[in-house]
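Taking it in order: structure first as structure tokens, then the write-up.
The values are calculated or read from the model by the stated rules, or taken from the named source; none is laboratory data. If you're wondering where the values come from, they're calculated on a predicted model, not measured in any experiment. Here the Cβ positions follow ideal geometry from the backbone for every residue, glycine too, while neighbour counts run over all protein chains shown. The area values use the complete protein model at the heavy-atom level, side chains included, leaving out ligands, DNA and RNA. Shrake-Rupley method; radii C 1.70, N 1.55, O 1.52, S 1.80 Å.
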Amino acid sequence: MPETDLADAAIEWFDANARDLPWRAPGTSAWAVLVSEIMLQQTPVARVLPSYQAWLARWPEPAALAADTPAEAIRMWGRLGYPRRAMRLHECAVAIVARHGGDVPTDLDALLALPGVGAYTARAVAAFAYGQRQPVVDTNVRRFVARASRGKADAGPTTTPADLADTEALLPIEPGRAARASAAFMELGAVVCTARAPRCTDCPVVEVCGWRAEGRPTPTGPTRRPQQYAGTDRQVRGLLLAVLREADGPVQAGQLDLVWADAVQRDRALRSLLDDGLVSPAGDGRYALAGEA
DNA sequence: GAAGCGTGGAA
DNA sequence: TTTCCAAGCTT
């Protein structure tokens, strides 16, 4: 049964080679796991580490964050990127207090119902915080499974139901071991079975790898155009929010005018921040982070 | 299903 | 210097 071989080899390798990341320490709370997972969405581990420590030092449990303002969450988020994650994490804390008595829920559907928690994050919390047998599928796991199990060069477009089923089929039956396999698959995808230059000589499953068996074919599909950033509304949003984040309270609109010359684009970006709930009008021509005015 | 959403370090 | 992209989610 090669599927079992894959998980067993991955777990054995993980036990000996896993990076010593703080959210993997024994006794890490479910809240800490949730915070780490949200921060790690599209954000490198190295940049998350200091923010993670600071966040949990200030808000060690959901109730503490829920009692603070969204503005403070957005400010504490700093330059991690995608600041709506900070707002959603605050909303998460409020929902956890309101719906679950302040404890991060263990039920998958309850996790999925939390703001900013999707198919990946919900299962990551269920598996890593609560030891459940859930397929945890992020970009690393998709790539690893596509190569090792299916012999493909890359994972192709996301097909969540199929991705979940394919990965679930690889998991050991025992829940704790399944959770460990999920962590191992992620780690392998992140540090060995990488997108650009996979380190097959260091891979513990190379003997049963379908991609290797196929002669490591190169990707065939059209490469996705890289996202542009310079000059986009996205950049302007970032500039506007940086001003508000670094201010102690509401700022004059004139202050915001300084960060971008094009008034049309600037106003559009500000309006989108207001629509997203990241920014609030102070009512006197000033603007502030949400909940601060 | 595609597009929008930040940031900064490595290639 | 420019390009690429890193543990996704929402609409």
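General observations
- Helix A:233-246 axis, angle to chain A major axis (alpha carbon atoms, nearest 10°): 70 degrees
- Nearest-10 value in Å² for the accessible area of A:Glu207, using the 1.4 Å probe: 150 Å²
- For chain A, a simple Cβ point-charge model (Lys and Arg +1, Asp and Glu -1, everything else neutral) yields a dipole of about 820 debye relative to the Cα centre.
- Each of A:Thr220, A:Thr106 has its accessible area taken with a 1.4 Å probe; listed largest first, they run A:Thr220, A:Thr106.
- In the full protein context, chain A carries 50 Å² of accessible surface per residue, based on a 1.4 Å probe and ignoring ligands, DNA and RNA.
- Among A:Val35, A:Val141, A:Val251, residue whose mean-square fluctuation peaks in a GNM of chain A (springs only between Cα atoms under 10 Å): A:Val251
- Charged-residue dipole, Cβ positions (Lys, Arg, Asp, Glu), the stretch A:37-167 about Cα centre, Debye nearest 20: 520 debye
- Rounded, prolate or oblate (a/c below 1.5 giving rounded, otherwise prolate when a/b exceeds b/c) for the stretch A:114-190 by Cα gyration tensor: oblate
- Seen from A:Ala18, the other residues with C-beta closer than 14 Å to its C-beta sum to a net charge of -2, counting Lys and Arg as +1 and Asp and Glu as -1.
- With DNA, RNA and ligands ignored, accessible area of A:His90 (1.4 Å probe; Å², nearest 10): 20 Å²
- The phi-based Karplus calculation (6.51 cos²θ - 1.76 cosθ + 1.60; θ = phi - 60°) puts the 3J(HN,Hα) values of the stretch A:162-167 at 5, 4, 5, 5, 4, 6 Hz, whole numbers, x for Gly and Pro.
- Close amide-amide hydrogen proximity is noted between A:Ala282 and A:Tyr287, A:Ala288, each under 5 Å apart and 5 or more residues distant or on a separate chain (H modeled in the peptide plane; Pro and chain starts excluded).
- Residue-count net charge about A:Arg196 - beta-carbon cut-off 14 Å; Lys, Arg +1, Asp, Glu -1: +3
- Per-residue SASA entry for A:Leu114, accessible area with 1.4 Å probe, Å² rounded to 10: 10 Å²
- Among residues other than A:Gly231 with Cβ under 14 Å from its Cβ, the summed charge is +2 (Lys and Arg +1, Asp and Glu -1).
- Accessible-area rank, largest first, for A:Trp23, A:Trp260: A:Trp260, A:Trp23, with all protein chains present and a 1.4 angstrom probe.
- Fraction in percent of alpha-carbon pairs per bin - 5 Å, the stretch A:29-128: 2, 15, 27, 29, 19, 7, 1
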